[in-house]
Every structure is written in structure tokens, then in C-alpha cells.
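Here is the structure we will look at.
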């Protein structure tokens, strides 16, 4: 088991290094940074000044290594726009995005797994068809539109939750529902198909032949095996929620990482963009690693590999 | 009625453990109804080894699943009598049925590679059957599992208890399945081709083991196989199935020495014997194919493949008694049972 964890961690680290290279070179490819920082009215001398101030006149390799060395120490430089440390900006916004992501995932899991299990057990019944309808709607509906609908219904009409802001937990409920609903269909369908497949397995027949109660057969013997691919998907979905919550954070005016990224992009605030891209990528990597480990805990066959 | 049968059970130990009369299993398929089992009769005495023989698709597995109550939900089951030690399996509730399963009747499956749950340790899977049916402590269940693992010939049993199925070979897994079936000391074990998926050397070991355990624990076994070689080694009695029917039942000895159904005779001829089969000669086979069991089968199901068939065979043959406890479903049963006929046939080989 520990050998497995060690191997996976090594792989994760090499992926992280590759991503840092990619993330740095993408910005280099996006044009002359000094020109865009200076803006359209800057003179040639001012642009030159910016170039030396920000160290953009150094060789690319040197720029990369000094940036990476900083990044390893969690120092991503200063924001061009806010004129403060990038890390401070990120640390300030991160809890909002994390809370939103974890709440969304919790909602998605809480809805999708029971619904997927019931849909598989009552295949073709009204509940299966209803779950299918929910899945199709969830996949087809743009989440900003769903978010706005939630605001109109629960914030404006019923006034159960605030329409915007991240000051209290109530502010997170509607955006978490909007974001979680987006992740629900895929996880529900995967649970359903996994359950259908596993229920046909020989070991389920063995479990029934032992006279085990239906509940034991379904929850101990079937669900444990059916849920393995769902774990991997959930990790990816959480990564997506952390990185892809830009729209929802904007709709609900949450001061999270997504909003910061969107602002930084529109203001050519490159250090911030670079830092956020790298941090989100690292989250993905860590989540994938955790999913791998969790999968190995659930499925002993994976530990040997 | 039920009162009477319980009295019978206690006063007459001679009554069979399991008796099956006119068992039918129908499965809806795309083209109609598949009559997988078409009215079969047999019984199992306490502590005996009954072999159910037949080729694939003859309804052996459907019969065993019907007895266990594990048929697919869409399957329809009918019988005049399906009685397990005084319990009517046709009318028993699903709850009572699951109380019997694993406790008084257990099953061993064909595929040891997939029959165990990959996510749980062997110890866990062994103990759960016992703890489901009996009020025993974790420790007692563990000890019972350990004892049985050792008894089925697994070394380092304590360590194996903590291992997962993928860490064991097919032969070892089948031993675990046998131990699992014995956990609650059942009266009847149904073994559905338990050696088919194993290497020949492992097959022999598993057969020995099953035979030994059956005698040691006095468990009745229904051993399902397509391999007459296996039957010869372990069976007390044999029921030969063809196209969803039992076409011949006899003691193992009688079946091998005086087979009285053309299909049984054909099967026996198909066994290659080193002394009789010349190098380069063709292996024997029964010509033709099994009739489709979708929709009704008229007359004798074997007649299109039978050398003896004549116009009589368009009517369904009755079960005929050719000797004591030796029945054959053939119009020519008495002729075929006559040793002279057999000898003549062996000469033509």
C-alpha cells in the first residue's frame, strides 16, 4: 500500500512540474508582456523601463527558474494591478472557493449516489425515468441561468437565502446548489450503470446464495464495487468546481478565486493569472492522487499495481 | 396437511431430503418462451451424491438456481412438488427462503475467479454467512472459518483469512468456496460444475475433497457436470438431462453398465479410452444438434439424433422402469437395457 502511495506521489510531482512549464510558456506565447502592461499610451522608453523593472529582459530560462523557485516557496511575485503579494490575494480568496467547491460536491454526492442506486434497482420505473430527466436537464441547462433562476425564486420571491455575498454560510447555499447540480448527472449515471453492472456479477449471486439480506447484498457487496469509478469522477468534478466556478462566483458575487482570475485576465495581471492556473492545476493533481489512494482502499486489486 | 408432513419427517427418516416432481422453468425470450426445464422428476436422499449430467443448455444450471430460489426475476417456475425436508419451496416466503439459503442449502459455483467479492477479505466473506444465520460471536465465526479453511486443505489459513480473492489461484478460491458452503453445515450442497474452470490436476484434488467432505459431514450433494469421467469417480446416483428433461436416472453402477437411453449410450461412447481409441482414429460424437427449446417440443426431444428412432418417437415417451430404481424416458428402454443389445453395439465400435 505504501509503495503504491509513494509511486503515485512521484507521478503526481512530475505532472506538477510539467504543468508549471506549460503554464509559464503559455503566458510567454500570449505576446509582449511589457507592451500590454504599459498599455496603448506608453512610450517606447516606458515600455523599456517596464521590461527591466519586471525582469522581462532576462533570458526566458532564467525568468522561468526564478519564477518556479519563487512558486516552490509560495512566492508568486506582486500583482501588477493590486500592487500587493499575489499569495496574499490568493489566500484571501481561497476559502470562499474551497467552501463553495466542497459544499457543491457534498450536495452532488448526496443526491447522485442514492438516486443512482434507486434508479438501478428500479430500472425502468418512474423513479428511474425521473432521475434520467433530472440528468438530462442538468446536463443541458447552463449553470449561470440555473443560478439566476435560483436567485429569482429563493432570494427574490421567497427570500430564504441572500442573493449575493459570502459573509455567511447562507450565501453559499444557492451557488452550491447551482454548481452541485451541474456535477450531479454524470455521477448519478455512473452510479446507476455501475450498480447495474455489479448486480449482474457472480459475487452478488454468491452473496444471495449465502442467504444474506437484500440490504447487505446491495450496500455491502454491490455499492462498494459500483462506487469505485464514482470516486475518481468526484475528484475530477471537485477540481472542476474549484477552477470552473468563475461564472457562478460572478453570478452570486462571491469573492473567490474564480472571480479573481477573471479580473486578473481582463487586467493583464499576469503574475496573478499564472499563480491561479498553477494552484488550480495543483489542486487537480492532489485530488487525483487522493482519488487514486481512495480507490486503492476500496479496491484491493489496485494496490498491487 | 403441513401437520402430516412434519409428522412424516420425524417418523420416517427414509423420506428423501429433496423431492422434485414435474419441475418446469420457463424464460421469456425475444422469440417466445424458452422452456429451459420441462417437467423433471428426481429426488436426493440424505447424505448421497447425486450427479446431474448433461451438455450445456440442457437445463442443469436452471434446475439448480430454481432449487436455490436464485432464478432471474422474469423466469417462471412451476412444479407438482418441490419439497426440501418438509418445506414446500414453491409456497415458502422469500424471507424463509433466504433463511434456508446458505444455512441448510448452499451452493458452489462454476467460476471461482468471479464468485468471490474482490473488495472484501476471505475471512470477512466466510464469516458473514455464519453470522447471518446463527447467533455466534465474531471469534466463533472466525474459528469456524479457520477450521474449515484448514479442512479444505489451505495452508497458512490464518494469513489467507486476511487476504483478498485476487491474491489466490483458481483452485484455492474454489476451496474457499467449498469452505464457505460448509460454514453453516448445510444438509444439501448444490455444486454447479465446480471443477470445469480448473486445471485437470486441480480438478482431481477438488473432486476428492468434495467426496471426502460429503462423507465426513454427511451432506447431500447435487453435483452438476457435463463430464461423465467426473460422474464415474464420485456419483452415488446419476440423473442424465437432455433438452430440459431428465431422460435417465440410475445408480452410478447401473448407468455405466447398463445405460438404457440412446443419449446416455451416446455420451458413454464419446469418452475416449486409451485402450480402445486407436491413434489417428476419429473421436466419437453424437451427430446432430440439440432441438431449440423455444416453443413446444413434440415427441421425444432426442429422436432427430437417435439411431433407434421410428414413428413411435413422435409421441412423448413415458418414464419406464427398466430395473429397480433405474428409469429411462425412451420407447425402447427395455430393449436397450438388454445386455445383448449393448454387446452388439460395443462390437460395432
### Summary
When B:154, B:189 are arranged by how many other beta-carbons sit within 10 Å of their Cβ, fewest first, they go B:154, B:189
### Within 10 Å of each Cβ in B:109-118, the average number of Cβ atoms from other chains
5
### Residues in segment A:156-186 reached by a label modelled at residue A:148 [backbone nitrogen below 17 Å; 7 Å Cα→Cβ]
A:156-157, A:163-164, A:175, A:178-179
### Query
What FRET efficiency do you get for residue B:253 and residue B:124 if R0 is 41 Å and r is their Cβ-Cβ distance, rounded to the nearest 0.05?
0.40
### Task
Name the residue, out of B:236, B:212, B:199, whose mean-square fluctuation peaks in a Gaussian network model built on chain B with Cα pairs under 10 Å.
B:199
### Task
Pairs of Cα atoms under 8 Å, at least six residues apart: use those to get the relative contact order of chain B, whole percent.
19
### Message
Between B:285, B:141, B:243, where does the largest GNM mean-square fluctuation fall for chain B, given springs only between Cα atoms within less than 10 Å?
### Response
B:285
## Note on the structure
Under the helix-only model (-39500 (n - 2.57) for each DSSP H run of 4 or more, divided by the residues of chain B), the mean residue ellipticity at 222 nm, to 500 deg cm²/dmol, is -10500 deg cm²/dmol
### Task
Pull out a ≥ b ≥ c, the square roots of the eigenvalues of the alpha-carbon gyration tensor of segment B:213-312, then state rounded if a/c is under 1.5, prolate if not and a/b is larger than b/c, and oblate in the remaining case.
oblate
### Query
Binning every alpha carbon pair distance of chain B at 20 Å from zero, what are the percents per bin?
28, 56, 16, 0
### Task
Only Cα pairs under 8 Å and at least 6 apart count here; give the relative contact order of segment A:93-257 as a rounded whole percent.
38
### Summary
From the Cα centre of segment B:275-320 to that of segment A:248-281, the distance in Å is 78
### Message
Just to be sure I understand: of the beta bridges DSSP finds with both ends in the protein assembly as shown, what percent are antiparallel, rounded to 5?
### Response
65
### Summary
Here the FRET efficiency for residue A:82 versus residue A:224, based on Cβ atoms and R0 = 51 Å and rounded to 0.05, is 0.60
#### Entry: Simple spin-label estimate for residue A:35 and residue A:92 in nanometres, 7 Å along Cα-Cβ
3.2
### Message
How many angstrom lie between the Cα centre of segment A:16-40 and the Cα centre of segment A:146-197?
### Response
35
#### Entry: Relative contact order, percent, chain A [alpha-carbon distance under 8 Å, six or more residues apart]
26
### Query
Can you list the equivalent-ellipsoid semi-axes of the protein assembly as shown, largest first and in whole Å, using the square root of 5 times each Cα gyration tensor eigenvalue?
70, 27, 24
### Query
Mind checking which of B:259, B:165, B:287 has the largest fluctuation in a GNM of chain B, springs on alpha carbons under 10 Å?
B:287
### Summary
At R0 = 60 Å the Cβ-Cβ FRET efficiency linking residue A:27 and residue A:160, nearest 0.05, sits at 0.90
### Message
Along the Cα→Cβ direction, 7 angstrom out, place labels at residue B:135 and residue A:49. What is the inter-label distance in nm?
### Response
9.0
### Query
So what is log10(I(q)/I(0)) for chain A at q = 0.16 1/Å, when the Debye sum runs over its Cα atoms only?
-1.27
### Query
What is the order of B:105, A:103, B:49, fewest Cβ neighbours within 10 Å to most?
A:103, B:49, B:105
### Query
So what is the diffusion coefficient of segment A:93-257 in µm² per second by Stokes-Einstein at 4 °C and 1.567 mPa s, using a Kirkwood Rh over Cα pairs?
77
### Query
Among B:330, B:127, which comes first, then next, by fewest other beta-carbon atoms within 10 Å?
B:127, B:330
### Message
Looking at chain B only, what percent of DSSP beta bridges run antiparallel? Nearest 5 please.
### Response
60
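Every number here is computed from the coordinates shown, using simple stated rules; none is lab data. Everything numeric in this text was worked out from a predicted model, so none of it was measured. Every residue, glycine as well, gets a Cβ built from its backbone with ideal geometry; the counts of neighbours run over all protein chains shown.
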